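Visitor: Take a look at the following structure, please.
The values are calculated or read from the model by the stated rules, or taken from the named source; none is laboratory data. Because the structure is predicted, anything quoted here is derived from the model rather than measured. Glycine gets a Cβ as well: all are built from the backbone with ideal geometry, and neighbour counts include every protein chain shown. Heavy atoms of the whole protein, side chains included, go into the accessibility calculation; ligands, DNA and RNA do not. Shrake-Rupley method; radii C 1.70, N 1.55, O 1.52, S 1.80 Å.
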Amino acid sequence: MIELAMRVEELLLYRDLEHGELLKDMVGLMAHYREKPDRELFYDCMHKLMEFAASHGFYGNIWHVFLANLLVNNENGYSMACEIRGNVTGTINQLALHDIKIFKELYDYDFTDIMQVMSAPEFNMLLSYTASFQESKVYNTRIRDRICHLAEKFNNDDTAEAMKDTLTLFYKDYGVGKLGLHKAFRVRHGEDGAVIEPILNIAHVRLDDLVGYEIPKKKLIDNTEAFVSGRKANNCLLFGDAGTGKSSSIKAIANEYYDRGLRIIEIYKHQFNDLNDVIAQIKNRNYKFIIYMDDLSFENFETEYKYLKAVIEGGLEKKPENVLIYATSNRRHLVRENFSDKEDRRDELHASDTVQEKLSLASRFGVTIFFTSPDKKQFEQIVKTLAVRYGVVMEEEELLAQANKWELAHGGLSGRTAQQFIDYLLGQG
């Protein structure tokens, strides 16, 4: 097995591996356990593998899952070329196969002898590990299961070529690394700039869950459909009354189009300085990205809107084709407008230019979609639809009477108020 240790050092594409130190320790043990048995290191590796399984929520053969996780998270020339597109041509295929042959040897390794030499039968428990099914700190359940199933599929691959084909199909279907495996992200400012972090639990809202608002939803769907299909699409501004489903529509879009390569990155007003850094990190990936700005608005004294204008359109560098900006706001023009803006013409020679500068931000959004509060009849229809969907059993007259009382005391007519009313009824048992 000394040869295997040397072979791991020959990896060409899959080099900068997450948990790479643990892999090196394990391979070192495999290579030298006969002439230099190190029980302390072996148990330390077992401890780290168990912690890895627990933190990720993994189950099954943890050694196999560990290797599969390394492969699906390593962003290299081959894996990123395969994401969304699948098989690629060229020399990079041979380079990838060279590395997969090494992983195949690791995958097929028989631990029977090393367990005997180390007097460590406990390692067997890691080869058939039952998880507690506590929530993963790294993945949501869907992603965790996909990686565990990939590890199982590798068991059916007799050759490295077959293993490479299975892995390539995974890249095509689910992508690679954090941007491939997750659908939604937030931005954190780190020491080296913007850090894009996955959001593990995005609300599972579907477009069909949003009752009413068919015209606004269709405009949003049409624009997003064009975007993920590779056609021309516009930045979108969703504006209107509170509680009318603007933010929920964006979440629904993220869920609806994830399988077609759409990803959403949430960013806040105070993070606009990181926008260029974020775009630089995503512009060459095969995914489509929506940069999402929720509840966007600016007061008169805030000047960040000028920076956003330049990023959306007007800077020297063209915005990448795989990036759009979707924003929600209660304000049509995003920037607070006062009557004094007109009165200031007496004090400023070109005051209209100042007004136009403020209004021009909203004009950078090619599609504007208005979400208005429902009237009473529409509100009652939303309540009835939600009641049927959630199994609320109540006479219609009584249901609507209580709903009307509820909205008077809880924010008025809106889809959000209707949902809160149904949640209240469900909570009453």
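Visitor: Which part of segment 63-104 falls in the paramagnetic zone of LEU169, meaning amide N under 13 Å from the point 7 Å along Cα-to-beta-carbon?
Guide: Within reach of a label on LEU169: 87.
Visitor: So what's the back-of-envelope 222 nm ellipticity for the chain, counting only DSSP H runs of four-plus at -39500 (n - 2.57) apiece and dividing by all residues, rounded to 500?
Guide: -15500 deg cm²/dmol
Visitor: Quick one: what are the phi-derived ³J(HN,Hα) couplings along segment 212-220, Karplus 6.51/-1.76/1.60 with θ = phi - 60°, whole Hz, x for glycine and proline?
Guide: Computed from phi, the couplings for segment 212-220 are x, 6, 5, 5, x, 4, 5, 4, 5 Hz.
Visitor: Checking the cross-link filter: which lysines have an alpha carbon closer than 22 Å to that of LYS405, excluding same-chain neighbours under 8 positions apart?
Guide: By straight Cα distance, LYS405 reaches LYS376, LYS377, LYS384.
Visitor: Quick check: pseudo-label points 7 Å beyond the Cα along Cα→Cβ at LYS219 and GLU75, how many nm apart are they?
Guide: With each label placed 7 Å out from Cα toward Cβ, I get 3.4 nm.
Visitor: Let me ask something else about it. So, R0 is 41 Å and r is the distance between the beta-carbons of THR91 and GLU21; what FRET efficiency does that work out to, to 0.05?
Guide: 0.85
Visitor: Find, to one decimal place in angstroms, the Kirkwood hydrodynamic radius of segment 71-137, where the mean of 1/r is taken over every pair of different Cα atoms and then inverted.
Guide: Taking every pair of different Cα atoms in segment 71-137, averaging 1/r and inverting gives 15.4 Å.
Visitor: Express the relative contact order of segment 77-171 as a whole percentage, based on alpha carbon pairs under 8 Å and six or more residues apart in sequence.
Guide: Computed value for segment 77-171: 51 percent relative contact order.
Visitor: Here is a follow-up. In the structure displayed, which of LYS172/LYS309; LYS101/LYS153; LYS251/LYS283; LYS178/LYS306; LYS178/LYS309; LYS164/LYS319 lie more than 24 Å apart, Cα to Cα?
Guide: Violating the 24 Å limit, Cα to Cα: LYS172/LYS309; LYS178/LYS306; LYS178/LYS309; LYS164/LYS319.
Visitor: Pop out the ³J(HN,Hα) list for segment 205-210 in order, Karplus 6.51 cos²θ - 1.76 cosθ + 1.60 with θ = phi - 60°, rounded to Hz; leave Gly and Pro as x.
Guide: After applying 6.51 cos²θ - 1.76 cosθ + 1.60, I find 8, 10, 4, 5, 6, 8 Hz.
Visitor: Could I ask something else about it? Using the Cα atoms of segment 25-153 to build a convex hull, what is its mean projected area in square nanometres?
Guide: 8.8
Visitor: Within segment 185-219, report the trypsin sites (Lys or Arg not before Pro) that DSSP leaves as loop and that have at most 15 other Cβ atoms within 10 Å.
Guide: Filter output for segment 185-219: ARG206.
Visitor: If you take the square roots of the eigenvalues of the alpha-carbon gyration tensor of segment 3-96 and sort them as a ≥ b ≥ c, do you get rounded (a/c under 1.5), prolate (a/b over b/c) or oblate?
Guide: Verdict is oblate for segment 3-96.
Visitor: Explain nothing, just the number: relative contact order of the chain, from Cα pairs under 8 Å at least 6 residues apart, as a whole percent. Write out the running numbers ahead of the final one.
Guide: On the way: 584 pairs, mean separation 61.9, N = 429.
Once normalised by length, the contact order is 14 percent.
Visitor: Which residues does the label zone of HIS189 cover in segment 251-268, counting backbone N under 17 Å from a point 7 Å along Cα→Cβ?
Guide: Under cut-off, by backbone N: 266-268.
Visitor: Over segment 210-309, what is the relative contact order in percent, taking alpha-carbon pairs closer than 8 angstrom and at least six residues apart? Kindly include the intermediate steps, with their values, before the conclusion.
Guide: Values: 63 pairs, mean separation 24.9, N = 100.
Reported relative contact order: 25 percent.
Visitor: What does the convex hull of the Cα atoms of the chain come to per residue, in Å³, rounded to a whole number?
Guide: 187
Visitor: In Å², what does the accessible area per residue of the chain work out to with a 1.4 Å probe?
Guide: Result: 51 Å² of accessible area for each residue.
Visitor: Once neighbouring chains are kept in place and the probe is 1.4 Å, which whole percent of the accessible area of the chain is contributed by carbon and sulfur? Numbers along the way, then the final one.
Guide: Values: 10690 of 21800 Å².
After summing per-atom areas, the C and S share lands at 49 percent.
Visitor: Count the DSSP beta bridges whose two residues both fall in the chain, then state the antiparallel fraction as a percent rounded to the nearest 5.
Guide: About 25 percent, rounded to the nearest 5.
Visitor: Using a basic spin-label model with each label point 7 Å from the Cα along Cα→Cβ, how many nm lie between ASP110 and ASN156?
Guide: 2.5
Visitor: Sort HIS189, HIS204 from largest to smallest accessible area, using a 1.4 Å probe on the heavy atoms of the protein chains. Please list the in-between numbers first.
Guide: Working: HIS189 125, HIS204 150 Å².
Heavy-atom accessible area, descending, gives HIS204, HIS189.
Visitor: 7 Å from Cα along Cα→Cβ at both GLU197 and LEU408: what's the point-to-point distance in nm?
Guide: With each label placed 7 Å out from Cα toward Cβ, I get 4.5 nm.
Visitor: Quick one: which residues, 5 or more positions from ILE325 or on another chain, have an amide H under 5 Å from its amide H? H modelled 1.01 Å from N in the peptide plane, none for Pro or chain starts.
Guide: ASN235, CYS236, ILE291
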